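S.K.: Questions regarding the structure given below will be posed in turn.
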Amino acid sequence: MSVRFVSAVGACLFACSFAAHAAEKRLDRTFSVAPGGRLTIEADSADLRVTGTGGNQVVVHILLTGNERAVERINLSAEQSGNDVAVLAKQRTGKWTDWLPGVWILDGKVEVQVPREYNIDIRTSGGDMTVGQLQGTAHGRTSGGDVRVTEVQGPVEMQTSGGDVRVEQIDGQTRLSTSGGDLDIVRVNGDLDVKTSGGYIHLDDVVGKVMARTSSGNVIARNVRGDSDLKTSG
């Protein structure tokens, strides 16, 4: 028993020693592009923010902080192909010691400015997504964060497995889904399809056909001008 106890204490101290040494990794890149291109982001454990601007550049800022082992095993890159830009912030596969407690403590932020007329397809395995001031297609998916989208002209499709979704001032067909949060939709001009498995749905000022479904919450609809199919199971 004493041998196992000493081994457990030693393993804990070994793991905690990684967390004690803070580190960070940065990437800053700027690309000249033409409107109409596409931004893609693939990230682990990072919040994503994409904002449209009046310029013709894609400006990428990535900051990751955590213990040394976690930071050193993250690959960062931003590459241009024509008018498209691909951003990567993903962990490399490693040894069994990478799974010890405290090894994967990370705080990540990926912030990108793009031309206002630009398309995006962004994904993160564990963070929030914020998108705004765009004229183009906006697709996004997160496995564990909130989603906020404002001032987008174009089709919007957003999905989260564990957070709330709020969209405001959208001009285009919109599809939203969450497995564990609320949905707030304000000022949408276009057909709307929304679904949540664990929260309420609030609709206000929607022009277009609406389909809204929740498994365990209220549905509140105001100023909806179009055919509506609203359902709640709880």
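S.K.: Taking into account only those residues within the range 84-121 that are among the aromatic types (Phe, Trp, Tyr) and modelled with pLDDT under 95, which is least open to solvent (accessible area, probe 1.4 Å)? Break it down into steps so the answer makes sense when it comes.
M.R.: Taking the range 84-121 first, the residues among the aromatic types (Phe, Trp, Tyr) are 96, 99, 104, 118.
Still in the list and also modelled with pLDDT under 95: 96, 99, 104.
Numbers: TRP96: 184, TRP99: 195, TRP104: 71 Å².
Only one residue fits best here, namely TRP104.
S.K.: VAL206 fails exactly one of the following numbered conditions: (1) of a type outside the set (S, T, N, Q); (2) open to solvent by less than 40 Å² (accessible area, probe 1.4 Å); (3) within 30 Å of ASN56 (Cβ to Cβ); (4) in a strand (DSSP E or B). What is the number of that condition?
M.R.: Of the numbered conditions (1) of a type outside the set (S, T, N, Q); (2) open to solvent by less than 40 Å² (accessible area, probe 1.4 Å); (3) within 30 Å of ASN56 (Cβ to Cβ); (4) in a strand (DSSP E or B), the odd one out for VAL206 is (3).
S.K.: Another one. Please state which one of VAL9, VAL50, VAL59, VAL33 is of a type in the set (Val, Ile, Thr) and either at pLDDT below 80 or touching a His at 6+ places or on another chain (Cβ under 7 Å) (or both). Spell out how you get there, then give the answer.
M.R.: Values: VAL50 fails: either at pLDDT below 80 or touching a His at 6+ places or on another chain (Cβ under 7 Å) (or both); VAL59 fails: either at pLDDT below 80 or touching a His at 6+ places or on another chain (Cβ under 7 Å) (or both); VAL33 fails: either at pLDDT below 80 or touching a His at 6+ places or on another chain (Cβ under 7 Å) (or both).
Matching residue, one of VAL9, VAL50, VAL59, VAL33: VAL9.
S.K.: Also: Counting just the residues of the range 139-160 that are small (Gly, Ala, Ser) and open to solvent by less than 60 Å² (accessible area, probe 1.4 Å), which one comes out nearest to VAL210 (Cα to Cα)?
M.R.: Filtering the range 139-160 for residues small (Gly, Ala, Ser) gives 140, 143-145, 154.
Adding the requirement that they be open to solvent by less than 60 Å² (accessible area, probe 1.4 Å) leaves 140, 144-145, 154.
Details: GLY140: 21, GLY144: 26, GLY145: 25, GLY154: 17 Å.
Among residues in the range 139-160 that are small (Gly, Ala, Ser) and open to solvent by less than 60 Å² (accessible area, probe 1.4 Å), the one nearest to VAL210 (Cα to Cα) is GLY154.
S.K.: On the given criteria, is ARG26 modelled with pLDDT of 85 or more, of a type in the set (Lys, Arg) and closer than 20 Å to GLN135 by Cα? Break it down stepwise before answering.
M.R.: Values: modelled with pLDDT of 85 or more: yes; of a type in the set (Lys, Arg): yes; closer than 20 Å to GLN135 by Cα: no.
So ARG26 fails the test.
S.K.: Still on this structure, I have one more. Would it be correct to say that SER2 is modelled with pLDDT of 95 or more, open to solvent by 70 Å² or more (accessible area, probe 1.4 Å) and more than 30 Å from GLU72 (Cβ to Cβ)?
M.R.: Working: modelled with pLDDT of 95 or more: no; open to solvent by 70 Å² or more (accessible area, probe 1.4 Å): yes; more than 30 Å from GLU72 (Cβ to Cβ): yes.
Against the criterion (modelled with pLDDT of 95 or more, open to solvent by 70 Å² or more (accessible area, probe 1.4 Å) and more than 30 Å from GLU72 (Cβ to Cβ)), SER2 does not qualify.
For every residue, the table says whether it meets (1) closer than 17 Å to GLY136 by Cβ; (2) open to solvent by 30 Å² or more (accessible area, probe 1.4 Å).
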| residue | (1), (2) |
| --- | --- |
| GLY36 | yes, yes |
| ASP44 | no, no |
| VAL50 | yes, no |
| ASN67 | no, no |
| GLU79 | no, yes |
| GLY82 | yes, yes |
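S.K.: Which residues, counting only those in the range 185-203, are surrounded by fewer than 18 Cβ atoms within 10 Å (Cβ to Cβ) and either within 16 Å of VAL165 (Cα to Cα) or hydrophobic (A, V, I, L, M, F, W, C) (or both)? Please lay out each step first, then the result.
M.R.: Initially, the range 185-203 is screened for residues surrounded by fewer than 18 Cβ atoms within 10 Å (Cβ to Cβ), giving 186-187, 189, 193, 197-198, 200.
Passing the criteria: VAL186, ARG187, ASP193, SER197, GLY198, TYR200.
The values are calculated or read from the model by the stated rules, or taken from the named source; none is laboratory data. All values derive from a computational prediction rather than experimental measurement. Note that we place each Cβ from the backbone using ideal geometry, even for glycine, and neighbour counts take in every protein chain shown. The accessibility values were calculated without ligands, DNA or RNA, using every heavy atom of the protein model including side chains. Shrake-Rupley method; radii C 1.70, N 1.55, O 1.52, S 1.80 Å.
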